[in-house]
1. Mind giving me the FRET efficiency for D409 and V346? R0 is 45 Å, r the Cβ-Cβ distance, nearest 0.05 is fine.
2. Tell me the label-point distance for the pair V4, R99, using the 7 Å Cα-to-Cβ offset, in nm and rounded to one decimal.
3. If amide H atoms are built 1.01 Å from N in the plane of the peptide, which residues on other chains or at least 5 residues away come under 5 Å of the amide H of G246?
4. Which lysines does K275 reach when only Cα atoms under 26 Å apart count, and residues fewer than 8 places away in its own chain are ignored?
5. With each run of n ≥ 4 DSSP H residues scored as -39500 (n - 2.57), what mean residue ellipticity at 222 nm is computed for the chain after dividing by its residue count and rounding to the nearest 500 deg cm²/dmol?
6. I need the phi-derived Karplus couplings for the stretch 314-321: 6.51 cos²θ - 1.76 cosθ + 1.60, θ = phi - 60°, integer Hz, Gly and Pro marked x.
7. Amide H to amide H under 5 Å from L291: which residues, 5+ apart in sequence or cross-chain, H placed 1.01 Å off N in plane?
8. Could you list which residues have their amide H under 5 Å from that of A100, counting only those 5 or more apart in sequence or on another chain, with H placed in the peptide plane?
Amino acid sequence: MTYVLSSGTGRLEHVLPDVREPQVADFNGDGIPDLYYTVSPQGAPRRLVVKGAPPEPWRRPGKWELAQDFDGDGHMDLVGTEGRQISARSGRDGRLLWRAALDLSEDEPALLPRSPGDDLDGDGVPDVILQVRGWRTLGPSARESYRTLAACSGKDGRRLWLAEDWEPGNSSGSGSGIGWSYEYPLFAWGAPDDADGPAVLVVDGGRDGGWRLSRIAGRSGRPAWSAPILRGGFAPSPATGSSPWGDFNGDGIADLALWSPEPGEGGGRGGYRLKALEGRTGQTLWASPSLVVADETQVIWPEAVVGDLDGDGEPEVVVALHQGYHREQRGYPCELVVADGRTGQVRWTWAWRSGFPDIWPPVVLRDGEAKAWVCLAVREEGFDGLVMLDASGRVRLRRPLQLERHSLDVGRQVWRALAEKGTGAVAVAYYDAGHVCLAGARDWRCAGAGPCPANR
Ligand SMILES: [Ca+2]
Ligand SMILES: [Ca+2]
Ligand SMILES: [Ca+2]
Ligand SMILES: [Ca+2]
């Protein structure tokens, strides 16, 4: 006989007569273990499954999202709305950890945090950033509301700051390009640490209909700078594990490489320029003219990739472009461009031609020593595959891929640079002939067990 009790309340939930050794597995993929057992009443064995339910304390109305491990017990905790309040509850047992000390109006449900949850106040506990409605006093009897961001302590829910001087522009927007997508506004993202502690980066719609990236000081909530950017040019999806951050002016503070709209004649758009923005001030670093494209669709992957290719300690910037459809060439002339991170000047380009300018975006691989390579996947006539180039732009490897329906779409979600713990080596995860492969710059051998196309 097996008795099944609720872990939350201790109440008897099921009695399974004649069942002695039930086992546990997640049968319906909801993340909650189910109980299964075999019965053979007339000799023919039958397998039965009791559907697992979430623990009683977890069953509560409202909208909940996995946030961070606030109480440090090793279980991710949840943040959600209960009535007009924002609460954090333990991911282990559902117990209330804190209620945010925020005054939320009924018509403005707070956007739940999508930030990775940096520790903003330095107490060792990751904090939470939320979109809220603030109030401004206009006169003795007049006040108006506005939307902004607030930070709450992940330890006790107390308000750390309200960004009084910052207001999002347009409400929302999402879209996609070839293989990438974005969802704005308020894609809050921690910037690398500097003297002021981690910063909050937000992309939202500017008043001119474009997109802007703003940096807000993580300690105080004061806006530091805003800059117009290419749509999708910061934190597109899928994330490839590469980053647009690098210290371009050598002051020890991370700067940012991105495409920025240029003012055109008569107030219109004048194309997009690749820029390096100083991390703390947002000022443009490169003095001489850098790379420009006439149209945003020419940028095949909107986020720039930064890495030190030649091992001199200074970062290079890698981007991928096409020149539009050429009828005579019956395809798109495409280019991988590597620019000097200190000056923005083009160092080298590698060209290919494709019937469709589709890629797995460039990633920088590393063997743990000084050497680095740029790797991407392209589709050329008669070749779908990986191309690896060295620091001076020479092709070091061409490896055909067996793609589903000759499309890079399926494998794009897998494509990702992964750093090896402790060694500084960076490998890449990719999809080939129905396998997920992990191969590195050191030797192009798949680390996975069993037969793998990377090892053929
Ligand atoms: Ca926890
Ligand atoms: Ca904290
Ligand atoms: Ca810098
Ligand atoms: Ca370099």
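The numbers here are math on the coordinates, done by the rules we state, and not lab data. Because the structure is a prediction, the values reported are computed rather than measured. Please note: Cβ atoms are built from the backbone with ideal geometry, for glycine as well, and neighbour counts cover all protein chains shown.
1. It comes to 0.90.
2. Spacing of the two 7 Å Cα→Cβ label points: 3.5 nm.
3. Hits under the 5 Å cutoff: D255, L256, A257.
4. K371
5. Value at 222 nm, helices only: 0 deg cm²/dmol.
6. Result, rounded to whole Hz: 10, x, 10, 10, 10, 9, 10, 10.
7. Placed amide hydrogens put L274 under 5 Å from L291.
8. I86, S87, A88
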